[in-house]
Each structure stands twice: as structure tokens, then as C-alpha cells.
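S.K.: So that we are looking at the same thing, I have put the structure below in C-alpha cells.
Quick note: the coordinates plus some simple rules give every number you see, no bench work behind them. On a predicted model such as this, the values are computed, not experimentally measured, just so you know. Note: ideal-geometry Cβ built from the backbone for every residue, glycine included; neighbour counts use all protein chains shown.
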Amino acid sequence: MPTLEDVRAAKDDFGLFCSLVGKPRTAWQIDAMELRKRQTVVVAPRQCGKSESLSLKAAHAALRKPNQLVMIVSASETAAIRLLYMVREAFDHPLLSGSLAEDPTQTRIVLKNGSRILSVPASEKSIRGWSVDLLIVDECAFVADDILLSAALPTTTARPDARVVLASTPWGDAGAFFNLAMQGLSGTDEHTRTYRWKLLDAPWIHPAVVEAARKSLPPLRFRAEYEGEFITSGDAYFDRSDILACTADYPLRADGDRMPASCGLDWGRQQDAHAIVLAGALYDWGVNPHPVVILPWVETSRRPYGAQVSEVEKLAKSWMLDVRTETNGVGAYPSEELMRRLGGWTRVVQQGSSQKSKEDYYGRLHVLMSERGIVIPQHEELLRQLGGITATTTPMGGLRIQARQESLHDDMPDALALAVGHLPSELEPCPVSEPPEGMHWVETPGGIRIPVPVLTRNAEPDWGAVYSGVPASAAAVEAPNPWAEVYGVKKSGASEALRKLKELSQ
């Protein structure tokens, strides 16, 4: 049982505080959380206790002084909710009972001493206007540079004793997080200090697990995932700022209600994985200034080929798919099986991948990103793989586009490029109308607004509808579902999805 002296000592002893609330930290975690300089940068691999350490630091900072404002910024809304939940767990300890002034919400904890803890996603709307005593930015490498530098960090400028913690797993060797991490590693910077954590130092990770990973993973991937080191990306095909500007935190949906989508398939071999990416024209009621491509569903797996074919078949029952399947190497057999199973009801085109075709498809994807014409989900593996795509010139004057050697795979970007490459080159603008009342929206750092749940629409004009006077958006509302009679799938379409939204908003 802790004594009164222990509790008093914990006020200025973060390590003791963690032990008293039943969540002891390692010496290197405690060392980093002492926050000796104004900015502390933590470069950490997965499963090393980063998030829990940050949540405990937020609780400790709010308790030890009255009227403190602690702000936690996360790369996504889901991560922000999860991290505040971890903070709440610390206050569930009997030692801290009675500390809270009111019941916590998903975004805020208020203490009786006047301190507050806010947990918000990385957006200007959520961050600007606050003046905070402790700023914690989790997964900082995945936060857009302009939001970090122009919105998050300025929240501490009015507080001379404020502290900043920037923590993340490493990504590419560019951007604000990388620059600040390198700045703090010099040891001579007056304001910033960087700590590098390694799973090898984590007693809860068995050494045999680490050694097995060392033998099975490419060296660069092991260094990033297990040693917390940045991967060189000097010849990256996609600019990191473009990727982040097109990323939004929205829920993926496997159920398509017979909405149209282009489907790109890449088949795994050896250490590669299968990838499925659906892409379609976003139904946004015309709120965005130009047509936008949305990815309603992405996934990667290592299923047996037959099970993967069944998964695509399942999607084809729910979506109105136009499938492009890569047939190089091992892709030939599952592509043939997919065509046999779908029986002609869903269009399936077998696509052999060549240097020229990859240039075309990736070129379209590159243009969409640079023009903010595509929205990418906050899917960590997809973002990592996109950041690892490189382009090198060939003696014949072409471009060889592939994953960086001994680094990230390219199965998800390949599937994405296939899906996007077969959408119409000129997307039909979305008809302008009033969105349903109460519609929830999310937004990319680049300013594109996305309704939730995601809806897709026809990507090109329906000329029959144009000449008959029927609005294009209504022409394909009740597209026939050939699976209905065989599988008992409901006959639906974009209109059904819209009807559900209207019911929810009433």
C-alpha cells in the first residue's frame, strides 16, 4: 500500500507515478518522458509501449499542477479516441479515484484541479485556437507537415514553460518529423532532444521473435519495424506531402449496396501478399470543386488463392464491379478461376503488367494525387507501401516503377494503380444538391470533403439518360443485380444508400 510520502513524491517522479497506478515503465521510457528540453522527439518501433507511455505522461502532467491544458494530437480520429481511452484507464486506479470533475467524453477529461486533457485528430479545425501546457503528437510522421508546423506547435508559443512530445514510428527520411528527429540527435540543440527506442530493449518481446524477424524480413524493413530507423527514400515516386494531403480517416465499407466501383487485384507470391482495392467516383453532392476518386475498400491478405477468389466473388455480389486482375506470374490461375466463378455477370479483364502499362497507371495515380483528385484511407500498410515506391530510368528512356529494394512491398499500390487506371480519364462532375441534414463529413489536409458513409456513383455520363432527359445520377439508381436470384442478394443501388442516409438523418 503506497504511503502518503509516496504519493507526494510521485508528483515530481513520473516513474514512481506509473508504478503507483499499476503501469510501471522501463528506465528508457521514463528517461524520455522526463521532458528535459522544450521539445522531446521519440522515434519508436511498434509494440514498445509508446502509446501507453504517452497516455501516462498526459495523466501525470494534468495531475501534478492545477489548471494545466494537455492536448494529444493523433494522426486519425480513431487513434485519438483510443489514446484518450488509455488515459482514462490510468484514472480508473483506486489511487486516483475522485480526481475527475465530470464523466470523461471521447475527446476530453476534466480534473477537479482545473486541468484538462484533450485528444483530437490532426486537423486545423480541432487544433487552432488553443494555448496548451503539454502538446503530445502521436504517430507524428503521419501528420501533415503544415498541420504540425502551422497549427499544432504554435499552440505552445504563449506558454514559456510548455513542453512538446513528438512520437512516431519512422517512415521516410523527409518531412518535419524526420527533420526534428535529426535535429534532436545532434546533442547540441538547445531546444530539442531525440530518443530512439528499440524492441531489443523491451523485456516483453522475446529475443527469439526478434531474431526470427531479422532472418525473415528484408534488412531495411527490419531496421524500420524493429530498430526504429528511418528508411532512405531519395528516389520516391510519390511525394510524401501529396500522399498525406490526400489521406483521410474514414471507415472502409465492404458492403457496396450495388454502387459502382473499379476493382484492382494483385496476387501475392512468396513473401508478397494479395491486395484488393476498390476505387470509384465520390458522391459528394457537389461540395468539392472537382470530381474526386474515393477508395471505399482496400485490403491485403495472405489467404490461399481459392479463398482470395471467394473474397472477390463476395465483393462482386455487393458492388457493381469492373474488375482488373493482374495475370503476371502466379496471377494467371486465380484470374481464370475468378472469371469462371463470376460467370460473365461481372466484367473481369485480365491485365498483364508491363513497364509501359505501369507507367500509364501509376502516372494517372500520380496526377490525381498532385491535383488532390483522390482520397486515400488512413490505412497504414497502404501508406507505407506508397511511400516506398521508386522510379528509375531505363536505358530505353522509360521508367521502372517498383518497391524499393529490400524494403516495402508494392502489392497494394499495384492494385490501386490498376483500379484507378481503368476509371474514365475525365470523371463526370457530381450533380449539385443539398446533402441530407446531419450528414457527417471528414476532410483531407488538402481540403477535400468526404461524406460518411462513403458513396460512389457513375464515373462517366450515361448518354441514354442524357437523351431521355433523366438525370445521370438517377439513371443507374436501380441497376439490375444478377446475383439476386441466385444468392438472394437484395436489389439495391445508390438510391437505396441515399434513402438509408435520409432515414438516419431524420
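S.K.: Would you please state the base-10 log of I(q)/I(0) at q = 0.12, 0.13 1/Å for segment 4-223, with intensities from the Debye formula using one equal scatterer on every alpha carbon?
M.R.: Taking Cα atoms of segment 4-223 as identical point scatterers yields -0.63, -0.75.
S.K.: While we're on this one: Could you grab the relative contact order for segment 119-184? Cα pairs under 8 Å, six or more apart, rounded to a whole percent. Don't jump to the answer; show the numbers that get you there.
M.R.: Numbers: 81 pairs, mean separation 25.3, N = 66.
Once normalised by length, the contact order is 38 percent.
S.K.: Using a 10 Å cut-off on Cβ atoms, rank the peptides 69-77, 82-90 from the highest mean neighbour count down. Working shown, then result.
M.R.: Values: 69-77: 24.0, 82-90: 19.2.
Packing order, densest peptide first, comes out as 69-77, 82-90.
S.K.: Per-residue HN-Hα couplings for segment 97-104, Karplus 6.51 cos²θ - 1.76 cosθ + 1.60 at θ = phi - 60°, whole Hz, x for Gly and Pro?
M.R.: Ordered by residue, 3J(HN,Hα) equals 4, x, 7, 8, 7, 7, 5, x Hz.
S.K.: Which cross-chain or sequence-distant (5 or more) residues have an amide H under 5 Å from the amide H of residue 69, H modelled 1.01 Å from N in plane?
M.R.: Here 116, 133, 134 satisfy the definition.
S.K.: Would you kindly derive the ³J(HN,Hα) couplings of segment 139-144 from the backbone phi angles with the Karplus curve 6.51 cos²θ - 1.76 cosθ + 1.60 (θ = phi - 60°), listing them in order in whole Hz, with x for Gly and Pro?
M.R.: Each residue's phi maps through the Karplus curve to give 6, 4, 5, 9, 9, 4 Hz.
S.K.: Would you work out the relative contact order for segment 4-223, in percent, from Cα pairs under 8 angstrom that are 6 or more residues apart?
M.R.: Details: 386 pairs, mean separation 54.4, N = 220.
Result for segment 4-223 is 25 percent.
S.K.: Take 333, 226 and order them by how many other Cβ atoms sit within 10 Å, fewest up front. Working shown, then result.
M.R.: Details: 333 13, 226 21.
Going from sparsest to densest Cβ surroundings: 333, 226.
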